1. Exactly one of (1) modelled with pLDDT of 95 or more; (2) exposed (fewer than 14 other Cβ atoms within 10 Å of the Cβ); (3) small (Gly, Ala, Ser); (4) under 27 Å from PHE138 (Cβ atoms) is unmet by ALA61. Its number?
2. Scan the stretch 42-96 residue by residue and report those that are in a helix (DSSP H, G or I) and free of Cβ contacts under 8 Å to residues at least 40 places away in the same chain.
3. Please give the number of the condition GLY109 fails out of (1) surrounded by fewer than 13 Cβ atoms within 10 Å (Cβ to Cβ); (2) within 20 Å of SER75 (Cβ to Cβ).
4. Considering ASP144, ASP166, ASP152, which residue is over 22 Å from ALA79 (Cβ atoms) and either part of a helix (DSSP H, G or I) or among the charged types (D, E, K, R) (or both)?
5. I'd like the residue in the stretch 1-14 that is at pLDDT 70 or above and assigned to a loop (DSSP other than H, G, I, E, B) and, out of all such residues, is surrounded by the fewest Cβ atoms within 10 Å (Cβ to Cβ).
6. Give the residue that is modelled with the lowest pLDDT, with candidates limited to residues of the stretch 15-41 that are in a loop (DSSP other than H, G, I, E, B) and surrounded by 13 or more Cβ atoms within 10 Å (Cβ to Cβ).
7. Evaluate the following for GLY99: is it surrounded by 14 or more Cβ atoms within 10 Å (Cβ to Cβ), out of contact with any His (no Cβ under 8 Å at 6 or more places or on another chain) and in contact (Cβ under 8 Å) with a residue 60 or more places away in the chain?
Amino acid sequence: MITDAFVVPLKRFDFAKTRLRHDGATGIDELARELAAAVIDSCRPRHVIVLSESDDVTAFAIDRGAEVVRSEATSLNEAVQRAYGLLAARFDRLIIAHGDLRFPAGLGGFETGPGVTIVTDHHGRGTNVLALSTGLDFHFAYGDDSATRHRDEATRLGLDVALVTDSPWCYDVDEPRDRE
């Protein structure tokens, strides 16, 4: 059994980054591809699993050497929850990393402690990277204030929590100013 793996959920490139698209930005499909490629590459040498519902993203991930778990889930939480259950038989620990990190370098060397490690977004509210053991009754809660909800979930399970608020991985690209 491989002890840990990265899980990178990716939306279809032509659908990703909705907030950027609403602000009239151009080249968003390519930006989403570039960000995802950098995240996948930065997770090496660890095993990388991409969650996707898209044939295009599946081909992209396989070309980058990642394993793909197809997901027809209706939300990020549902996709990650399903993958978490599915992958528990193969991995002791999973590290879920968003595919839009602005500065993903070094992810592959990320040393997690016991319990749950949460790397927040730069506002301290979202969850950009989440590391935890498999086999827990953990309920994922991405969305508004997910860092607090993930911390509360870990506390509910009696797990130690490491909250990281000063990592380069705190920066994701969701809004036009995030690209600066």
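The values are calculated or read from the model by the stated rules, or taken from the named source; none is laboratory data. This is a predicted model, so every value here is computed, not measured. Cβ: placed from backbone, ideal geometry, glycine included. Neighbour counts: every protein chain shown.
1. All conditions pass for ALA61, except number (2).
2. ASP55, THR58, ALA59, ILE62, ASP63, GLU78, ARG82, GLY85, LEU86
3. (2)
4. Within the list ASP144, ASP166, ASP152, the selection yields ASP166.
5. Step by step, filter the stretch 1-14, then rank; the result is ARG12.
6. Once the filter is applied, the top-ranked residue is LYS17.
7. On the way: surrounded by 14 or more Cβ atoms within 10 Å (Cβ to Cβ): yes; out of contact with any His (no Cβ under 8 Å at 6 or more places or on another chain): yes; in contact (Cβ under 8 Å) with a residue 60 or more places away in the chain: yes.
Spelling it out, GLY99 is indeed surrounded by 14 or more Cβ atoms within 10 Å (Cβ to Cβ), out of contact with any His (no Cβ under 8 Å at 6 or more places or on another chain) and in contact (Cβ under 8 Å) with a residue 60 or more places away in the chain.
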